[in-house]
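Only one structure is covered here, and it is reproduced in the block below.
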Amino acid sequence: MKMLYDAFFMVFSVLYLPYFVVKGKWRGFSRQRLGIFPEELLARIKGPCTIWLHAVSVGEVIASLPLYDEIRRNYPSARIVVSTVTPTGNHIARERFKGAAVIYLPLDISIITDKVAQIIKPKVLLIAETEIWPNLITSVKKSGAKIAIFNGRVSNRSFKNYSAVRTMLKKILKKIDLFLMQSKADADRIICLGAPDGRVKVSGNLKFDAALSAGKADEREGFRKKLGLQPDESLLIAGSTHPGEEEIILRGFRKLSREFPKLRLLIAPRHTERFPAVSGLVRSSGFKPRSVSKSDHSPSRIEDVYVLDVMGILARLYSAGDMVFIGGSFIRKGGQNPLEAAYYSKAILFGPHMHNFEGIAGSLLSAKAAMRVADEEDLVRSVRMLLHDPDGRGAMGERARSVLEANAGVAEKDLELIEPLIGKA
């Protein structure tokens, strides 16, 4: 079975190579994925170490930070290795995981995973969300380490995909010692896929902790001044939008701006390199694009639509808004994290496709702290209602903040459950 999987993985990698090159993703490829490390890094990761923590990309890295901080507080002398897959995730991990050695995850080929597992020699491998790498899990288990999934989730879509390989998956899941799942639904799904019932716990979603612990100052007045917004002007922020969504939002805004001349729109594309394309859509919709980075305090105009063109400030920029639409939810991308807007007590709207944040979206909707909009007309109706009712809008934002605070404290619970696997550091 292992040889068959290795062969499949290598064939897939070769077939994927043209896409990898065309999309420019090869630039972020590191020899570390082949188990080849520079001497300085090798000296830092050479085992035995206490914990190997894996988080695939930016979202998982940020969500893992509260648990990492909790481990550091309780095990100050622990040697920790953190692995990621994406270059952006690796960059954020090196920036924020102070004291950890940060590497790229080895490719899931047994000869490579065996080698890296023997280099690191962890006591425990902690895997964020539900990254099931058969050879990695097998190699680490063979080295004598314990393995835990934390912040685990299994969406409906993932469940259907995993069900197709349930027989093989069950064998891998039995090698994992602990599953800390975000919700009961996630726990039920992972058990159905083959995880031993007694090893599965529901501890909550670390994204609540991450949103609260980020320590963002409220920069509302500073941002609004930079954008040239007046006190009586309302700002709708469409955050982390994807292709196909900006057109819907701009059409809706065109209808709303006729009725509400004091309403302004800011579009923050998920990938800032799309700034020229989004600016073009703004022009073709009859508005004038205004770069956020180049805004110079000059008064906003009814024809302006702000477009975010710099990375790393969207979460803070939400403080300047009055309503926030969560991108990736009008199309089948699964949405983005609404908790960054909840932190600032904003009225939150999202489309029908929030499956990547299913539990969070459900908690907000149950508390009447967010609105799900089906389409362009529904977006227009909902924003119109919020603009006509500023008190109700404010109360909705306060409920969103309350949901965030009520669900925090997950990192402490997680570590309590993981500690028996760590033993003495």
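Odds and ends about this structure:
- Only a single criterion out of (1) touching a Lys or Arg at 6+ places or on another chain (Cβ under 8 Å); (2) under 30 Å from ALA341 (Cβ atoms); (3) open to solvent by less than 40 Å² (accessible area, probe 1.4 Å) is not satisfied by VAL202, namely (3).
- From the options SER402, SER329, SER319, SER366, residue that is touching a His at 6+ places or on another chain (Cβ under 7 Å), on the phi < 0 side of the Ramachandran plot and at pLDDT 95 or above: SER329
- Scope the stretch 355-373; condition farther than 18 Å from MET396 by Cα and open to solvent by 60 Å² or more (accessible area, probe 1.4 Å); matching residues: GLU358
- Residue match in the stretch 242-258 (condition: buried (at least 22 other Cβ atoms within 10 Å of the Cβ) and assigned to a loop (DSSP other than H, G, I, E, B)): yes
- Residue within the stretch 323-333 that is over 17 Å from GLY59 (Cβ atoms), buried (at least 22 other Cβ atoms within 10 Å of the Cβ) and touching a Pro at 6+ places or on another chain (Cβ under 8 Å) present: yes
- Pair list, Cβ under 6 Å, 6 or more apart: the stretch 272-289 residue closer than 19 Å to SER257 by Cα, other residue among the charged types (D, E, K, R) and surrounded by fewer than 19 Cβ atoms within 10 Å (Cβ to Cβ): PHE287/GLU303; LYS288/GLU303
- The residue list ARG44, ARG33 contains one member that is open to solvent by 10 Å² or more (accessible area, probe 1.4 Å) and either free of Cβ contacts under 8 Å to residues at least 40 places away in the same chain or out of contact with any helix residue (DSSP H, G or I) (no Cβ under 9 Å at 6 or more places or on another chain) (or both), which is ARG44.
- Residue match in the stretch 180-202 (condition: of a type in the set (Lys, Arg) and in contact with a Pro (Cβ under 8 Å, 6 or more places away or on another chain)): no
- Failed criterion for ALA315 (all others in (1) surrounded by fewer than 22 Cβ atoms within 10 Å (Cβ to Cβ); (2) out of contact with any Ser or Thr (no Cβ under 9 Å at 6 or more places or on another chain); (3) part of a loop (DSSP other than H, G, I, E, B) hold): (3)
- Looking only at the stretch 295-312, and only at residues there that are open to solvent by less than 50 Å² (accessible area, probe 1.4 Å), hydrophobic (A, V, I, L, M, F, W, C) and touching a Lys or Arg at 6+ places or on another chain (Cβ under 9 Å), the one that is farthest from ARG258 (Cα to Cα): VAL307
- Each residue in the stretch 71-99 was checked for being over 18 Å from MET311 (Cα atoms), open to solvent by less than 30 Å² (accessible area, probe 1.4 Å) and in a helix (DSSP H, G or I), and 1 of them qualify.
- For the stretch 374-400, a residue qualifies if it is in contact (Cβ under 8 Å) with a residue 40 or more places away in the chain and either open to solvent by less than 60 Å² (accessible area, probe 1.4 Å) or outside any helix (DSSP H, G or I) (or both), and the qualifying residues are ASP375, GLU376, LEU379, VAL380, VAL383, LEU386, LEU387, ARG393, GLY394, MET396, GLY397, ALA400.
- Count of the stretch 334-354 residues which are touching a strand residue (DSSP E or B) at 6+ places or on another chain (Cβ under 9 Å) and either open to solvent by 20 Å² or more (accessible area, probe 1.4 Å) or outside any helix (DSSP H, G or I) (or both): 14
- Test: residue in the stretch 241-256 that is more than 26 Å from the chain's Cα centre (by Cα) and within 16 Å of LYS288 (Cβ to Cβ): yes
- For THR167: the one exception among (1) open to solvent by 10 Å² or more (accessible area, probe 1.4 Å); (2) free of Cβ contacts under 8 Å to residues at least 40 places away in the same chain; (3) more than 24 Å from the chain's Cα centre (by Cα); (4) closer than 27 Å to GLU60 by Cα: (4)
The values are calculated or read from the model by the stated rules, or taken from the named source; none is laboratory data. These numbers were taken from a predicted model, which means no experiment stands behind them. Neighbour counts run over all protein chains shown; Cβ positions are idealised from the backbone, glycine included. Surface areas here come from the heavy atoms of the whole protein model, side chains and all, with no ligands, DNA or RNA. Shrake-Rupley method; radii C 1.70, N 1.55, O 1.52, S 1.80 Å.
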